[in-house]
Amino acid sequence: MRLDAGQIEVIDDVMAEVLRHKTPAERLGIGFSLWVSAYKMLMTHLEKTHPEWDTLRLQKEVARRLSHGAV
Amino acid sequence: MEPYELLQDIVVTLEDLQIPYIVTGSVAAMVYGEPRLTNDIDIVAAVEEKHIPGLLAAFPPEEFYISEDMIRDAIRRKGQFNIIHPASGLKVDIIIKVDTPFNTSRFTRLKRIYPSDSFQANFAAPEDVIIKKMEYYREGSSEKHLRDITGILKVSRDEIDYGYISEWAERLGLAEIWKAVMDRIGRNK
């Protein structure tokens, strides 16, 4: 089990200060927005890469990738 | 479906069924610390056999994957089961509440938080999120747990009860990890 400084990342002080001034809901909202952004980026990428795929197949592939293969 | 919607769906269901619960894991870590991409919503809940029909009704098979057998097995073994939204890949991991001193403590200390304007939810307190993440790190060595811990400590800083964490770290055999984290953020100087 590694416990050296290289293993334990710490957020930048400036960013920590930014986040400290946000509400819990705002912090959660940022995190959930990351998921939405990832979903949209993946969908756009797959639509361009596989124009022959229908919407259902595209959604399945996005879901598979985002879930690390869980679905 | 997006994460907020799934979080609200599960929270409303648990409260309607009067199932004691706390949101924990990376979602709770984001509330107190640093946002990050996550696909899972982790919830510790005191689910019993009598709750199964309500859970199945709340998450219909047309939209969700939820297995009655898996729920029963989780209850029997005091394990966990999933509620999966296949169309989005989003997942809720329901961990069955076990009666331990730590669980008693963290359920007592839970915080009622507005994840959004439209609903409230029970979240594990930041100290308890940290303690549990240290346990997960010891078990699996995923550095994301350490990043979540330091994120909470840096953002929620003066709101954290460091003595409480130290006490439970000793009780749960996590003192080495806790010391390393405190050294890293400069609080042991």
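In the list A:Leu46, A:Leu19, A:Leu34, A:Leu3, which residue meets the criterion of being among the aliphatic types (A, V, I, L, M) and more than 24 Å from B:Tyr32 (Cα to Cα)?
Among A:Leu46, A:Leu19, A:Leu34, A:Leu3, only A:Leu46 is among the aliphatic types (A, V, I, L, M) and more than 24 Å from B:Tyr32 (Cα to Cα).
Those residues that are within 7 Å of another protein chain (Cβ to nearest Cβ) and open to solvent by 20 Å² or more (accessible area, probe 1.4 Å), I need them from the range A:28-37; list them, please.
A:Ile30, A:Leu34, A:Val36
Quickly run through the range B:137-154 and pick out the residues that are assigned to a helix (DSSP H, G or I) and either more than 12 Å from every other protein chain (Cβ to nearest Cβ) or open to solvent by 50 Å² or more (accessible area, probe 1.4 Å) (or both).
Within the range B:137-154, B:Arg138, B:Glu139, B:Gly140, B:Glu143, B:Lys144, B:Arg147 qualify.
Where the second residue is assigned to a loop (DSSP other than H, G, I, E, B) and open to solvent by less than 60 Å² (accessible area, probe 1.4 Å) and the first is within 21 Å of A:Ser33 (Cα to Cα) and lies in the range B:1-25, which pairs have Cβ atoms under 7 Å and are six or more apart or on separate chains?
B:Met1/B:Ala87; B:Met1/B:Ser88; B:Val23/B:Ala124; B:Thr24/B:Ala124
Please enumerate the residues belonging to the range B:31-83 that are more than 19 Å from B:Ala121 (Cα to Cα), β-branched (Val, Ile, Thr) and in a loop (DSSP other than H, G, I, E, B).
B:Ile66
Checking the condition farther than 16 Å from B:Asp40 by Cβ and surrounded by fewer than 17 Cβ atoms within 10 Å (Cβ to Cβ), which residue from B:Asp117, B:Asp93 passes?
Of B:Asp117, B:Asp93, the one residue that is farther than 16 Å from B:Asp40 by Cβ and surrounded by fewer than 17 Cβ atoms within 10 Å (Cβ to Cβ) is B:Asp117.
Among the residues of the range B:155-189, write down those that are part of a helix (DSSP H, G or I), touching a Lys or Arg at 6+ places or on another chain (Cβ under 8 Å) and under 16 Å from A:Ala5 (Cβ atoms).
Within the range B:155-189, B:Ile177 is the sole residue that qualifies.
The values are calculated or read from the model by the stated rules, or taken from the named source; none is laboratory data. The structure displayed is predicted, hence computed values, not measured ones. Using ideal geometry, Cβ is built from the backbone for each residue, glycine included, and neighbour counts are taken over all protein chains shown. With ligands, DNA and RNA removed, areas are computed over all heavy atoms of the protein, side chains included. Shrake-Rupley method; radii C 1.70, N 1.55, O 1.52, S 1.80 Å.
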